Every structure is written in C-alpha cells, then in structure tokens.
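Please read the structure below before turning to the comments.
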Amino acid sequence: MAKLTIQDVDVAGKTVLMRVDFNVPLDDQGQITDDRRIQMALPSIQSVLDRGGKLILMSHLGRPKDAPDPKYTMKPTAVRLGKLLGKPVEFAADTVGPDAKAKAAALATGGVLVLENVRFQPGEKKGDTVFASELAAMADIYCNDAFGTCHRTDASMVAVPKAMGDKPKVVGFLVAKEIEYLTDAIRSPKRPFVAILGGAKVSDKILVIKNLLGICDKVLIGGAMAYTFSLAEDGKVGSSLVEPDKVELAKELLAAGGGKLVLPIDNHCGDAFKADCNKKMCKSGEIEDGWEGLDIGPETAKLYASIVQSAKTVVWNGPMGVCEMPPFDEGTKVVAQAIADSDSISIIGGGDSAAAIQHLGFADKVSHVSTGGGASLSMLEGQKFEAVEILDNKSGGCRCCCGG
C-alpha cells in the first residue's frame, strides 16, 4: 500500500478533517437501524484520538436536494458515535456556517466534532472550491476514510484535499484496506481467479464483466441478468426480467468470454413475484410463458459451489436471485456458504452481497467485505479514483489503484 495512512502522520495537537461514510440506514423515527459503517470507521477515529489529535468528521447521509432536510441530519450518527466511543461527541448544526466554525476552533485535544450533512450544501455535489476551502481551513490534516464515495468527485472527496495545499493528505485504515484487497485481486490474483456477478441488469455490470473476462479464469453469472444472456442464446425466458436492448451486447460478451463466462443451467421459477407463488425448477432456456426465473436452481448452485471450492481468489458482487424473498434466496445462500468454506482470498462487494454475507453470519469467514457497492464495482471495472490519486504517496513510488 503506497498511500500515506493516518498512522503515518503526527496528529498530536493537530486537527484532522476526516471524510467518513456515515450514510447509515434510518427508520421512520430517524433511528439508526444498522451502524456498521460507523463501526468500520472506528480504527481511524481511534488512531487520531489515542495520539492526541483533534477530529472533525464530515459525511453525507441520504439524498437531500442541496439544502437542509431534517430527515437527513447527521445528528443521530454523532449520538451513536459517542456511545461507541464512550465519550461525548459534539455536533455542528451546519457544515461551514458559524456553529461549525466556532466548534471547530474550540475543539480540545481528544475532541470529536461531527459536521452537518455535506450534501445540505449545493457546493458538495458541484465540487465547489469556495465551499471546499472553508472546510479545509478548519484543519491541519485531511484523511479520506470513505471508500463508499471514493469513485465520486464531490467537494469533500476531491476539492477539499486539493484546497489543503501542502498539508498532509492521507487515507484512513478502511480505504487503505479496500484498495489493497481490490487492486491486488485485479493486479496479481492467486489462481484460479473466479468472479461471481449477480443482480438485475447486464447494463449495470457491462464494464465489470468486460474487465474481469480479461483477468479471471471463470466469471459466474447469476441474478436476473442471466436471463438476458439466456435470451442471447435463443432460450425461452418466460416472464423473467430481461433487457431486450442488451441482447446483442450479451452475445458479444459470450463470444468474447472464450468459455470463461458460466451461465446457470437451471432456475427456480415462480408464476408470480411473491413468496407464496407456485414454484417449479426449469432448465435454462426452457422457462415457459407465465413463469419467471427468480433464483438459480439447485444444479447451478452445486456447479457454482464446486467452482468456488477450487478457486484461490474469489470476488463476489450481486445476489444469485431474489435474496430478500425466501425461498428464492437459496442460490445466494449456497454460493455464500461455498465462499465461506473455501480457503481462497475472498472479497465481497458492497451492497446486497455484503448484506447477505452479514445476514448469514459469514462475515468473519471471508477475507474482506467491501463497504462500497458502487466504488467496488468501479474499481473492478479498472477505474482510477481521483479522490485517491491526489492523496500523498509514501516514498518509493505508488503501486495502488492510481497507477502512479
């Protein structure tokens, strides 16, 4: 890992402005229902506090329309962080306004301040330099520990570190770990290297599939996008979710795959999109009208599990079926179990795959669970992240995702 980390800089008596990903789910009462993203940031946070630093945290939450919205306030995250740290955490009622600036200036050694939602400011999504400069002026050190937004060019991700000038600009432990696993998987994987891609749309995974076909030994396809591939092979897909406009693309990917692309051989089908529908198993390409594929079938699950068991590196992004609706979660369960039981380097993309691994209790049995669905996909596509490129390198050259 060739980027300077928060551990590499002296923070004693200094103020660290840390971009975190506290975009946590909230219920109708504004209560946090899952605080994993806050917990994942704790090592970087604790590193600053343990070494006598002062800490200002900034994040987005939800999708407010460039203006304050009580539904998306960061205040619940400040309260939860205080409970996790076992100490008071201050909250600023604005982002770069008088409350934020006053509390930042008064922050004591070992103090923590959470700023209000950066997306309440129109300058955040626009990458505004004036907004960024106001944030940068609050601190001596910038730290990016928000992998989930590393593929974005928002002000807090790019313009703020640029505005820091010669001040240290580093990664947190979470971002360092994400880059290390995801770039190593692509650059120098242990083989056989197997990718498992699920989800609804081929269009969401086009660039990932293209990139991984040039790297992987096998790419296993599940989820609804498998039916677009089936259609490309002139199969019958019944009422299954397909993208007719992507059939030609699916044909191109099949031709380019050279046998690396592995499709389902059977499907668990229903006559309606609901748990209590009538169900039956159908061979791939033989789904009759009035039936839709909702999961990979048992033979496919068995095949995919056997391929996973012989792999040395596995990357998984996207469920195999409608994993939130039993019994159409069975294929995802079998694949997750196979990954957990293997001795491979196993990397789970964010989003539904990460949720499934957590829900099934396998998170401690895989090598890495990514915190960023979109960011992990972008990295698997081979994209460079400006938000990472602009941070300080360790001496000896850079061998991370930026290619520097």
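Brief remarks follow.
- Here Glu134 fits the description: without any contact (Cβ under 8 Å) to a residue 40 or more places away in the chain, of a type in the set (Asp, Glu) and either in a helix (DSSP H, G or I) or over 30 Å from Ala305 (Cα atoms) (or both).
- Residue match in the stretch 166-187 (condition: among the acidic types (Asp, Glu), surrounded by fewer than 24 Cβ atoms within 10 Å (Cβ to Cβ), under 16 Å from Glu389 (Cα atoms) and out of contact with any strand residue (DSSP E or B) (no Cβ under 9 Å at 6 or more places or on another chain)): yes
- Pairing each residue of the stretch 359-380 that is without any contact (Cβ under 8 Å) to a residue 40 or more places away in the chain and surrounded by fewer than 24 Cβ atoms within 10 Å (Cβ to Cβ) with any residue that is of a type in the set (S, T, N, Q) and not in a loop (DSSP other than H, G, I, E, B), provided the two are 6+ apart or on different chains, yields C-beta distances under 7 Å for Val366/Ser346.
- Figure legend. Inter-residue proximity from the stretch 218-246: first residues free of Cβ contacts under 8 Å to residues at least 24 places away in the same chain, second residues buried (at least 22 other Cβ atoms within 10 Å of the Cβ) and among the hydroxyl-bearing types (Ser, Thr, Tyr), beta-carbon distance below 7 Å, spacing 6+ or different chains. Indicated pairs: Val242/Tyr227; Val242/Thr228.
- Flag if Ala311 is assigned to a loop (DSSP other than H, G, I, E, B), within 26 Å of Asn211 (Cα to Cα) and hydrophobic (A, V, I, L, M, F, W, C): yes
- Residue in the stretch 14-26 that is touching a Leu at 6+ places or on another chain (Cβ under 6 Å), within 20 Å of Arg152 (Cβ to Cβ) and aliphatic (A, V, I, L, M) present: yes
- Any hit, the stretch 206-219, residues being open to solvent by 10 Å² or more (accessible area, probe 1.4 Å), under 15 Å from Ala255 (Cα atoms), at pLDDT 90 or above and among the aliphatic types (A, V, I, L, M): yes
- Here Ile339 does not qualify as surrounded by 23 or more Cβ atoms within 10 Å (Cβ to Cβ) and within 19 Å of Ala41 (Cβ to Cβ).
- Some residue of the stretch 249-257 being open to solvent by 50 Å² or more (accessible area, probe 1.4 Å), in a helix (DSSP H, G or I), more than 23 Å from Cys216 (Cβ to Cβ) and out of contact with any Lys or Arg (no Cβ under 9 Å at 6 or more places or on another chain): no
- Scan of the stretch 247-271 for residues that are within 21 Å of Asp289 (Cβ to Cβ), without any contact (Cβ under 8 Å) to a residue 24 or more places away in the chain and among the small types (Gly, Ala, Ser), ordered by number: none
- For beta carbons closer than 7 Å, sequence separation of 6+ or different chains, a first residue in the stretch 164-185 that is under 28 Å from Val219 (Cβ atoms) and a second that is open to solvent by 20 Å² or more (accessible area, probe 1.4 Å) and in a helix (DSSP H, G or I), the qualifying pairs are Leu174/Met40.
- So Cys277, is it closer than 22 Å to Cys323 by Cα, hydrophobic (A, V, I, L, M, F, W, C) and not in a strand (DSSP E or B): yes
The values are calculated or read from the model by the stated rules, or taken from the named source; none is laboratory data. Please read all numbers here as calculations on a predicted model, not as lab measurements. Neighbour counts run over all protein chains shown; Cβ positions are idealised from the backbone, glycine included. The area values use the complete protein model at the heavy-atom level, side chains included, leaving out ligands, DNA and RNA. Shrake-Rupley method; radii C 1.70, N 1.55, O 1.52, S 1.80 Å.
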